[in-house]
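Shown next, in structure tokens, is the structure this report addresses.
The values are calculated or read from the model by the stated rules, or taken from the named source; none is laboratory data. Please read all numbers here as calculations on a predicted model, not as lab measurements. Positions of Cβ are generated from backbone atoms using ideal geometry, with glycine treated the same way; all protein chains shown enter the neighbour counts.
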Amino acid sequence: MLTLNKILEIPCRLPKWKIHGFLRGFTFHSGKQSLHKLVLGIETSCDDTAAAVVDEAGNILGEALHSQTEVHLKTGGIIPSVAQRLHRENIEQIVKETLSASGITPKELSAIATTVKPGLALSLGVGLEYSLQLVKQYKKPFIPIHHMEAHALTIRITNKVEFPFLVLLVSGGHCLLAVVQGVSDFLLLGKSLDIAPGDLLDKVARRLSLVKHPTYSTMSGGKAIEHLAKQGNRLHFDFRHPLHYCRNCDFSFAGLQSAVDRIITQKEKEEGIEKGQILSCAADIAAAVQHTVASHIAKRTHRAILFCQQRGFLTPSNAILVASGGVASNLYIRRTLEIITKATNCILLCPPLKFCTDNGIMIAWNGIERLYAGLGILHNVDGVRYEPKCPLGVDISKQVGEAAIKVPSVKI
């Protein structure tokens with residue numbers, strides 16, 4: 001059996017980062033896990049209660065998650081007070097399951113990391129309150145986590161990605177492009193001016209009454225649209241691309257939502273069906289909406305890549321785009337991004353699908369990253385608060401707009 005010491009004795013000419021990546025693929029059992037950096041991550045920013053224990057090598061020692069999707073599908077969307085109640089009912093059990101699966105006791109933890117911003121206020125409050133109880137009980141350092149920072153750094157669990165890199169974060173609550181210069185060092189290139197793409201897809205799914213279709217009744221709105229779109233013709237409806245004439249990296253999806261709602265209302269009248277029944281052209285609408293969203297995201301990302309290449313943030317030897325967040329699990333959107341990265345000589349990296357949606361693993365890993373960087377580690381938690389709205393990094397979107405980069409046409 002290969003032990004850590006034996007591996008290190010093997011003559012090797014690989015650079016250090018490759019050795020690190022090689023070792024990351026192994027789980028070492030030294031008998032006493034306390035020799036490792038171990039972080040418990042807790043996530044309750046929206047509608048999933050999640051926890052995980054991760055070590056400094058990126059090994060996931062234990063995890064658990066309680067999804068609220070089925071409940072919120074029945075209520076037609078996330079109701080904050082309902083989400084709060086479900087978090088309270090499940091958080092203790094989720095943490096217990098995580099610790100049990102990991103074989104780690106709270107006393108062996110190096111720190112506890114928890115999402116404190118941004119997100120639903122009532123949901124964030126549950127996670128923070130429970131975490132602070134653990135911190136005080138076991139006298140552990142506390143690491144407050146920015147939800148979007150955690151999504152951005154998740155890729156470094158599975159891939160040895162060096163700073164800087166470009167990240168696209170797309171989810172139900174966010175859509176932004178940023179240069180990741182370090183663990184807590186972000187330059188914001190652009191963000192959604194209204195709603196997020198995941199929110200749009202969820203609303204379109206509800207407007208199409210997909211929850212009433214047996215095939216899609218248990219899927220989230222975004223996942224239902226993705227599956228239904230496979231059966232549709234994306235060219236049947238031509239939706240106007242948002243912010244077409246604005247040469248920046250901001251996003252907008254509210255206008256598209258209004259246009260889709262008008263089309264659905266028109267088709268309901270033409271087919272003589274009542275609101276709530278499923279249209280015969282639902283698959284075509286789903287395909288067209290998904291394509292428009294993907295195209296809009298791809299064009300803004302294309303401009304961000306060109307801007308980063310001009311400013312030296314992305315070099316030929318390190319030109320990486322990371323796409324993360326719940327909407328990044330949409331394979332159609334991933335394929336459009338692959339077209340853009342191929343055209344710009346970049347590499348597209350996406351976390352495994354499981355890591356794209358909200359989870360405790362990314363929070364625990366962000367805790368590991370911050371632990372090693374010595375950033376935001378609190379030994380006194382008096383005054384710690386959650387922040388429902390919180391920007392990410394330094395906003396340089398004005399510079400992007402002033403650069404006014406014209407994006408060459410790429411067929412998507």
Here is a list of conditions, (1) under 19 Å from the mean Cα position of the chain (by Cα); (2) on the phi > 0 side of the Ramachandran plot, and G383 meets all of them except one; can you say which number that is?
(1)
All positions within segment 208-222 that are under 20 Å from A294 (Cα atoms) and in contact with a Lys or Arg (Cβ under 9 Å, 6 or more places away or on another chain)
G221
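From the list G198, G172, G182, G222, which residue is assigned by TED's automatic domain parsing to the domain that holds S317 and out of contact with any Gly (no Cβ under 6 Å at 6 or more places or on another chain)? Spell out how you get there, then give the answer.
Working: G198 fails: out of contact with any Gly (no Cβ under 6 Å at 6 or more places or on another chain); G172 fails: out of contact with any Gly (no Cβ under 6 Å at 6 or more places or on another chain); G222 fails: out of contact with any Gly (no Cβ under 6 Å at 6 or more places or on another chain).
Testing whether each residue is assigned by TED's automatic domain parsing to the domain that holds S317 and out of contact with any Gly (no Cβ under 6 Å at 6 or more places or on another chain) leaves just G182.
Okay, residues lined up against (1) more than 21 Å from D185 (Cα to Cα); (2) acidic (D, E); (3) assigned by TED's automatic domain parsing to the domain that holds H244; (4) touching a Lys or Arg at 6+ places or on another chain (Cβ under 8 Å):
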{"site": "K299", "(1), (2), (3), (4)": "yes, no, yes, no"}
{"site": "L306", "(1), (2), (3), (4)": "no, no, yes, no"}
{"site": "N318", "(1), (2), (3), (4)": "no, no, yes, no"}
{"site": "T341", "(1), (2), (3), (4)": "yes, no, yes, no"}
{"site": "N345", "(1), (2), (3), (4)": "yes, no, yes, no"}
{"site": "W365", "(1), (2), (3), (4)": "no, no, no, yes"}
{"site": "H379", "(1), (2), (3), (4)": "yes, no, no, no"}
{"site": "E387", "(1), (2), (3), (4)": "no, yes, no, yes"}
{"site": "K411", "(1), (2), (3), (4)": "yes, no, no, no"}
In segment 386-410, residues that are on the phi > 0 side of the Ramachandran plot and not aliphatic (A, V, I, L, M) total 1
Only one residue in V116, V71, V82, V95 is touching a residue at least 40 places away in the same chain (Cβ under 8 Å) and assigned to a helix (DSSP H, G or I), so which one is that?
V95
With the checklist (1) surrounded by 16 or more Cβ atoms within 10 Å (Cβ to Cβ); (2) over 16 Å from the mean Cα position of the chain (by Cα); (3) at pLDDT below 95 in hand, flag the one item G325 doesn't pass.
(2)
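Quick one: which residue in I405, I412 is assigned to a loop (DSSP other than H, G, I, E, B), in contact with a Ser or Thr (Cβ under 9 Å, 6 or more places away or on another chain) and either without any contact (Cβ under 8 Å) to a residue 60 or more places away in the chain or farther than 23 Å from L153 by Cα (or both)?
On the way: I405 fails: in contact with a Ser or Thr (Cβ under 9 Å, 6 or more places away or on another chain).
After applying the criteria, what remains is I412.
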Go through the residues of segment 346-369 one by one and say whether even a single one is assigned to a helix (DSSP H, G or I), of a type outside the set (A, V, I, L, M, F, W, C) and closer than 30 Å to R234 by Cβ.
yes
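Among the listed residues R247, R240, R262, R234, identify the single one that is charged (D, E, K, R), surrounded by 17 or more Cβ atoms within 10 Å (Cβ to Cβ) and assigned by TED's automatic domain parsing to the domain that holds R335. Show your work before the answer.
On the way: R247 fails: surrounded by 17 or more Cβ atoms within 10 Å (Cβ to Cβ); R240 fails: surrounded by 17 or more Cβ atoms within 10 Å (Cβ to Cβ); R262 fails: surrounded by 17 or more Cβ atoms within 10 Å (Cβ to Cβ).
The conditions single out R234.
Restricted to segment 146-161, and to residues that are part of a loop (DSSP other than H, G, I, E, B) and not aliphatic (A, V, I, L, M), which residue is modelled with the lowest pLDDT? Before you say what the answer is, go through the steps one by one.
So in segment 146-161, the residues part of a loop (DSSP other than H, G, I, E, B) come out as 154, 159-161.
Imposing the further condition that a residue be not aliphatic (A, V, I, L, M) reduces the set to 154, 159-160.
Working: T154: 96, N159: 94, K160: 89.
Looking at residues that are part of a loop (DSSP other than H, G, I, E, B) and not aliphatic (A, V, I, L, M), I get K160.
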Look at R385 and say whether it is assigned to a loop (DSSP other than H, G, I, E, B) and either closer than 30 Å to L38 by Cβ or hydroxyl-bearing (S, T, Y) (or both).
yes
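Each row is one residue, and each column tells you yes or no for (1) out of contact with any Asp or Glu (no Cβ under 6 Å at 6 or more places or on another chain); (2) of a type in the set (A, V, I, L, M, F, W, C); (3) crowded, with 22+ Cβ neighbours inside 10 Å.
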position: N59; (1), (2), (3): yes, no, no
position: K74; (1), (2), (3): yes, no, no
position: V82; (1), (2), (3): yes, yes, no
position: G103; (1), (2), (3): yes, no, no
position: K107; (1), (2), (3): yes, no, no
position: T114; (1), (2), (3): yes, no, yes
position: L122; (1), (2), (3): yes, yes, no
position: L128; (1), (2), (3): yes, yes, yes
position: F142; (1), (2), (3): yes, yes, yes
